[in-house]
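Here's the structure we're looking at; comments come further down.
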Amino acid sequence: MQSVTYKLTEFFLIFIILPVSFVLEYPFLIKAFLAISGFTYVVFVLVKVEGNTFKIAPNLRWKSFWISVFVKLVIIAFFTIGYVLLTAKSDLFHVLYQKPKLWVVILFAYAMFSVYPQELIYRTLYFQRYASFFKSRTLFVFINAIVFSMAHMFYRNSLVLLMTFLGGILFALTYDKTKSTLLVSIEHAIYGCWLFTVGMGQMLGFPD
């Protein structure tokens, strides 16, 4: 499972074939089975092959992390509020105002059952298994953003693809710097929850 051929095949199946297949029309139950099977395989590889223990890493630089996330969140908030005001003013913070209980439930469920699994696959697995294939760190991060964006093709929305590409770059840089699935998951959850809060959740599949 550590050979170049095996890893390349693994990469192709997980990051190319599976996401592309989700764009095609076939029964949801089959898609769910493939997604769950794929994630189970990823956890197996991370634990049994790569030797991860999923413990919170010591000596995390929390202060610098929070400062960085706050600055990026302010920039994201500026552009997203502007976008919602221009395109769908009535949606601005509408879930937060009208359905606060749903807002809390969705934020928790999203962080636990969507964000963390995504980061295990697209940052932890990707960085641990395929870094040796790239001589350029810039290209490595760029490809990570591409495949992360591809994971959202089933939304059939060009803005979603752009946002997830840019998000993929931010998350890849955070993981590359911190080597922490926890920190990059927190960052991912914050930005995703903000999009839901500001009124852009519908395009990302959030119920409202």
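Bear in mind that the values in this text are calculations on the coordinates, not laboratory data. Note that the coordinates shown come from a computational prediction; the quantities given were computed from them, not determined experimentally. Note: ideal-geometry Cβ built from the backbone for every residue, glycine included; neighbour counts use all protein chains shown.
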Fill in the blank from the handout: Footprinting proxy, Arg137, Arg156, Arg129, Arg123: sorted fewest to most Cβ within 10 Å, the residues are Arg156, Arg137, Arg129, Arg123
Practice task
Could you line up Ile81, Ile75, Ile106 from fewest to most neighbouring Cβ atoms inside 10 Å?
Solution key: Ile75, Ile81, Ile106
Handout entry: Gaussian network model of the chain, springs between alpha carbon atoms under 10 Å - residue of His188, His152, His94 with greatest fluctuation
Key = His94
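Below 8 Å, C-alpha to C-alpha, sequence gap of six or more: please give me the relative contact order for the chain in percent.
Values: 155 pairs, mean separation 63.0, N = 208.
Relative contact order, the chain: 30 percent.
Once every DSSP H run of n ≥ 4 in the chain is given -39500 (n - 2.57) and the sum is divided by its residues, what mean residue ellipticity at 222 nm do you get, rounded to the nearest 500 deg cm²/dmol? Walk me through the intermediate numbers first.
On the way: 11 runs with 134 residues, N = 208.
That calculation yields -20000 deg cm²/dmol at 222 nm.
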Practice task
Could you please rank Glu10, Glu25, Glu119, Glu50, placing first whichever residue has the fewest other Cβ atoms within 10 Å of its Cβ?
Solution key: Glu25, Glu50, Glu10, Glu119
Problem - Most mobile listed residue (Phe93, Phe15, Phe79) in the chain, GNM with C-alpha springs under 10 Å - result: Phe79
Completion exercise
Computed over the chain: longest principal axis from alpha-carbon atoms vs helix 100-110 long axis, angle to nearest 10 degrees, is 10 degrees
Practice task
Return a single number: how many Lys pairs in the stretch 56-204, at a sequence separation of 8 or more or on separate chains, have alpha-carbon atoms below 17 angstrom apart.
Solution key: 4
Handout entry: Orientation-averaged projected area, Cα convex hull of the chain (nm²)
Key = 12.6 nm²
Problem - Alpha-carbon centroids, the stretch 166-194 and the stretch 82-153: separation in whole Å - result: 8 Å
